[in-house]
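Notes to accompany the following structure.
The values are calculated or read from the model by the stated rules, or taken from the named source; none is laboratory data. What you see is a predicted model, and the numbers here were worked out from it, not measured in a lab. Neighbour counts run over all protein chains shown; Cβ positions are idealised from the backbone, glycine included.
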Amino acid sequence: MSIDARVLAAVPHGIWVMSASGEVAYANPRAQQCGAGESWFSVVHPEDAEAVRREAADRHARLEPYELTCRLRAHDGTFRRHEAHFVPVRDDDGLPVQWIVTATDISDRDETHALLETLVAERGQAQAFRSVIMEDLAEGLFTVDGDGNITSMNRAAREMLGWEEKELLGLSAHAALHAPARSGTARPERECELRRIGMAGLSVQMVEETFTRRDGSTFEVVCSIAPLGRGDYGSGAVITFRDVTEARRAEVEVRHDQKLESLGRLSAGLAHEINTPIQFVGDNTRFLADAYRDMLELLLVYRACMEPSLGEVQWDERTRRASEAEDKADIEYLAAEIPAAVSQSLEGVERVASLVRAMKSFSYKDSTEKSYADLNEAIRTTFTVARNEVKYVADVRLELGDLPDVLCHRGDLNQVFLNLLVNAADALKDKDGRGEIRIRSAVDGDTVVIGFADNGPGIPEEIQQSIFEPFFTTKEVGKGTGQGLALARAVLEQHGGSIEVRSTVGEGTEFVLRLPINGEPDA
């Protein structure tokens, strides 16, 4: 085999030499795999053949090279797209005597090109889609790189913060969002919840934060963080947030109103609790007024007996008069009863003062900021306020352990404690004999555990999960709104804690509350 023949055999393209009329004079091995017979056009796909013949006739008439794309039969009988080049071979007079045809399989290239075009188009559409979504999203959204620096912001974020995107690009998200407020106090970076979560590479929903606007004012937000990798923000993160300042303020107002509503329900009992000591304070005060009058009369007799104007009146006569006055005043009785009346009155005044303090503490209106509070004292206060609701149906045992102060919204927890205590009392009203309510508190690691237990009828297992849903109640119409336990769960979740029910029908129920001591949910 000559060198030219070896070269033609090795070329990975189909090569044909055909006459001016289209008959095949030579086909290399690759072309022979296509099954070319007497005519090159026999290997063209039937659907492409007419167009190819028409193009060939036109170009052959003009005696010029040309190329076209069509489907040619492959060695396995399938048709694949080829790019065919036609070059005329002329004689000495310049007339075409043959045509050399080379065909290159471009199916894979076309598929790759089409795939690339599709990917580019899809990426462009995705970018456009993301751009539209970001800009039209009602929530604020910004992205950060691996160092926590802002890389983009949407319209809602710009409007809520009061900055233009170009002014914050490249800045630390912490520095931009926690800039010194109007007070001039800068927030330490170590206290930045977003940075802590971002550095841990966590995906977190519902993180409560306080952002600072361009004008120095602050607003409450709830954030969601989606990391794009690991490490210090990994490859970056997407952070969305929404302004909940008004919602939080409204929640505080609603809960405060619910506390006042609860006090309204307890008002008759509170009035009785106040009236009882006031009555015996009044009785004792009237007794002391009478005792004062008797003692004053006795004192006047004593003074009269000592007057010089009595002259020669014998001492025996004087002592007789004083003794008669003492008998009339019943001095021994007064000596015994006056201290007792004073002591009882002071005790009654303290009972009233204690109840007023408890009412004031219970109805305490929380600010938006949490503060450390003594939860044992909050439980005692709640029991004092609700005593009249409970004392006729149950004995209450307080088993309160030593607790550290807990970072919380004390007023909200007061409401939760009251709801649970009143619910326990309601559950015992139809019990034969007196029931028992046990309130316990203890420390479990970094968590405070509080339990409200009763030995009432219990809660059927099939509804135990439903009792925390809003408006679900087992009480008769007019006796319950179904909001108490829903509120309790919402308050506990807001504190990063939890509430669960443990109940056995016929034995009783216990609600167990878990609260992180420092206001942080368990990791």
Among the residues of region 208-228, write down those that are of a type in the set (S, T, N, Q) and modelled with pLDDT under 85.
THR210, SER224
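Quick grid of which residues meet (1) basic (Lys, Arg); (2) farther than 30 Å from ALA358 by Cβ; (3) at pLDDT 75 or above:
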site	(1), (2), (3)
ALA200	no, yes, no
GLY234	no, yes, no
PHE241	no, yes, yes
ARG255	yes, no, no
LEU260	no, no, no
GLY264	no, no, no
GLY269	no, no, no
Return yes or no: is VAL301 within 20 Å of LEU418 (Cα to Cα) and at pLDDT below 80?
no
Do the conditions hold for GLY170, that is, is it modelled with pLDDT of 85 or more and under 18 Å from LEU228 (Cβ atoms)?
yes
Restricting to region 473-523, and then to whatever is of a type in the set (Gly, Ala, Ser), part of a strand (DSSP E or B) and buried (at least 17 other Cβ atoms within 10 Å of the Cβ), can you tell me which residue is modelled with the lowest pLDDT?
SER503
Those residues of region 411-461 which are part of a helix (DSSP H, G or I) and small (Gly, Ala, Ser), in sequence order:
GLY411, ALA424, ALA425, ALA427
Take region 304-337 and flag every residue that is modelled with pLDDT under 70 and either surrounded by 12 or more Cβ atoms within 10 Å (Cβ to Cβ) or not assigned by TED's automatic domain parsing to the domain that holds TYR292 (or both).
LEU310, VAL313
How many of the residues making up region 387-402 are surrounded by 20 or more Cβ atoms within 10 Å (Cβ to Cβ) and under 19 Å from ARG514 (Cβ atoms)?
0
For region 141-168, enumerate the residues that are assigned to a helix (DSSP H, G or I), free of Cβ contacts under 8 Å to residues at least 40 places away in the same chain and either under 20 Å from SER217 (Cα atoms) or in contact with a strand residue (DSSP E or B) (Cβ under 8 Å, 6 or more places away or on another chain) (or both).
ARG155, ALA156, ARG158, GLU159, GLU165, GLU167, LEU168
In region 43-82, what residues are more than 30 Å from ASP93 (Cβ to Cβ) and in a helix (DSSP H, G or I)?
VAL43, PRO46, GLU47, ASP48, ALA49, GLU50, ALA51
Please go through region 360-386 and pick out each residue that is surrounded by fewer than 18 Cβ atoms within 10 Å (Cβ to Cβ), modelled with pLDDT under 80 and assigned to a helix (DSSP H, G or I).
LYS360
